[in-house]
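For reference, the structure is listed below as structure tokens.
The values are calculated or read from the model by the stated rules, or taken from the named source; none is laboratory data. As the structure is a computational prediction, the values presented were derived from the model and not from experiment. Accessible surface is based on the protein model in full, side chains and every heavy atom, while ligands, DNA and RNA are left aside. Shrake-Rupley method; radii C 1.70, N 1.55, O 1.52, S 1.80 Å.
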Amino acid sequence: SIRRQRQMCIRDSFCTRQLVEVAVRALSPGINDPFTAIACIDRLRASLGRLAEREGTQAYRSDEQGHVRVVAEPITFSDASAVAFGPLREYGCGNSLVTISLLNATAQLAKKADRAEDKRVLAQHAAQIAETASAMLLDPTGRDEVEAHYQKLAPFFVTENSASEIHSGERKWK
């Protein structure tokens, strides 16, 4: 089918790594373009959202006749989100706009995620993003904005199983 934009295949970690690399380079001191990084985060969020909605990737890929042609290790949501959020957390949390974009992405994905494990992974990423930003942001106003935003998004990470693990007033979710 014809689309306005090419869809990135999150099942291919190479594509994900390319987008992350573009975002990280955009955040380098020589370029300092947080808006390109935010655009990459939006594309990664959309792709991870498609992965979160799937039942799971099969290891065996067949042709039209049903013959197995490729055996590949399936990528899990946990693996894909680590590839996407890990480097962006490390390089992007010194910028409050990028940090808030990362937090929004985790919350939007948590809204879409059906599996409790995926929500747990996203809650963990959100907590790590907020913690890293707290250490990296030099501007106290930026730190306060990120912390307030993080607290506002807390309900999106709650599942039936995790509700008992969340302690009101604490900064981190389990």
From phi via Karplus (6.51, -1.76, 1.60), per-residue ³J(HN,Hα) for segment 67-83 in Hz, x at Gly/Pro:
7, 5, 10, 9, 10, 10, 5, x, 8, 8, 4, 4, 5, 5, 5, 5, 4
Measure of exposure for ARG120: accessible area at 1.4 Å probe, Å² rounded to 10, is 100 Å²
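Normalise the Cα radius of gyration of segment 26-110 by 2.2 N^0.38 Å (N = residues in it) and let me know the number.
Relative to the rule-of-thumb radius for its length, segment 26-110 sits at 1.38.
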Would you compute, for the Cα atoms of segment 75-136, the largest minus smallest coordinate along each principal axis and list the three values in descending order, in whole Å?
31, 20, 14
